[in-house]
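Have a look at the structure below, then the notes.
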Amino acid sequence: MRSDSFVHYLPIVTTIVSAVFAVLVFRRWREKGGTHLFWWGLGMVAYGAGTVTESLTTLFGWHEGVFRAWYITGALLGGAPLAQGTAYLHFPKRIADATALLLVAAIVVASVVVLNTPVDASLAESHRLSGAVFADQGVRRFSPFINSYAALVLIGGAIVSAVQYAAKPGQRHRMWANVWIALGGLLPGIGGASARFGMVEVLYVTELVGLLLIFVGFRLSTRPAVRLDTVSGLPA
């Protein structure tokens, strides 16, 4: 039996948006290059993979394998690849490479633990996902560390860029692009925190709205700079 809650179907929409977004980012990576774009593309794939598991749960009910995939792609990966793309944009390459190595190692270790931690299926709800089904709740201690890094770098990097672009003539649209990206990066974090307390519906809403804001920011950031008339200061 499928879920009768409209909110539970939002991940299907989020999955479609993520797929379109991933194609656009990887296309730009092929055209322009840049390690940051490659990581952002991976981020969109991970984002969509997480919402695919949510969609499957809505349509077909709770399944242990889907649940474990959801926890890895959502709670562990989440915004981490997007944040690592931002790290390559703001950090020296040596530091970005080091943080990427540490991030991947942390996610791999945490994923192995997730895959090997028993679950109590009797605690599962038919169309709602929650980490509360883990028999050992210690496994949930990994995600706050990974997600704190992701939030700090993604949101912090967007804020720094917004401030930098605000002072540059003809770049105001990129300032707003980073404002939307910062807000978009914040919302899924709020949803993830809500999901830890059993309010997965909040996560479904914030995932979609946050992704749409990041999408708007990405599209704005890829627009050409406005060329100003050097005399009047108006768009040429």
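The values are calculated or read from the model by the stated rules, or taken from the named source; none is laboratory data. These numbers come from a predicted model, not from an experiment. Glycine also receives a Cβ, built like all others from the backbone with ideal geometry; neighbour counts cover every protein chain displayed. Note: accessible area is taken over every heavy atom of the protein model, side chains too, but ligands, DNA and RNA are not part of it. Shrake-Rupley method; radii C 1.70, N 1.55, O 1.52, S 1.80 Å.
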request  = Could you list all residues from the stretch 110-134 that are open to solvent by 70 Å² or more (accessible area, probe 1.4 Å) and of a type outside the set (D, E, K, R)?
outcome  = Val112, Leu115, Asn116, Pro118, Ser122, Leu123, Ser126
ask   = So which of Gly217, Gly185 is open to solvent by less than 30 Å² (accessible area, probe 1.4 Å), out of contact with any Pro (no Cβ under 9 Å at 6 or more places or on another chain), under 30 Å from Ser130 (Cα atoms) and not in a loop (DSSP other than H, G, I, E, B)?
value = Gly185
ask   = What are the residues in the stretch 109-138 that are touching a residue at least 60 places away in the same chain (Cβ under 8 Å), more than 20 Å from the chain's Cα centre (by Cα) and assigned to a helix (DSSP H, G or I), if any?
value = Ala132, Val133
request  = Pick out the one residue from Arg68, Arg94 that is charged (D, E, K, R) and open to solvent by less than 60 Å² (accessible area, probe 1.4 Å).
outcome  = Arg68
remark   = Among (1) of a type in the set (A, V, I, L, M, F, W, C); (2) in contact with a Leu (Cβ under 7 Å, 6 or more places away or on another chain); (3) in a loop (DSSP other than H, G, I, E, B), Trp62 falls short only on (2)
Check on Ala151, open to solvent by 30 Å² or more (accessible area, probe 1.4 Å), modelled with pLDDT of 90 or more, among the small types (Gly, Ala, Ser) and assigned to a helix (DSSP H, G or I) = yes
note = Considering residues that are among the hydrophobic types (A, V, I, L, M, F, W, C) and either under 24 Å from Leu208 (Cα atoms) or not in a helix (DSSP H, G or I) (or both), the number found within the stretch 89-108 is 2
ask   = If you scan the stretch 77-91, which residues turn out to be open to solvent by 50 Å² or more (accessible area, probe 1.4 Å) and within 17 Å of the chain's Cα centre (by Cα)?
value = Leu89
message = Just the residues that are surrounded by fewer than 18 Cβ atoms within 10 Å (Cβ to Cβ) and touching a Leu at 6+ places or on another chain (Cβ under 7 Å), please, taken from the stretch 188-204.
response = Ser194
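For (1) over 25 Å from Ile155 (Cα atoms); (2) of a type in the set (Val, Ile, Thr); (3) part of a helix (DSSP H, G or I), each residue gets a yes or a no:
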position: Phe26; (1), (2), (3): no, no, yes
position: Val45; (1), (2), (3): no, yes, yes
position: Val66; (1), (2), (3): yes, yes, yes
position: Thr73; (1), (2), (3): no, yes, yes
position: Leu76; (1), (2), (3): no, no, yes
position: Ala83; (1), (2), (3): no, no, yes
position: Ala87; (1), (2), (3): no, no, yes
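Among residues belonging to the stretch 67-79 that are free of Cβ contacts under 8 Å to residues at least 60 places away in the same chain and not polar (S, T, N, Q), point out the one that is farthest from Val119 (Cα to Cα).
Leu77
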note = Reported set for the stretch 154-182 where residues are outside any helix (DSSP H, G or I) and of a type in the set (A, V, I, L, M, F, W, C) is Ala167
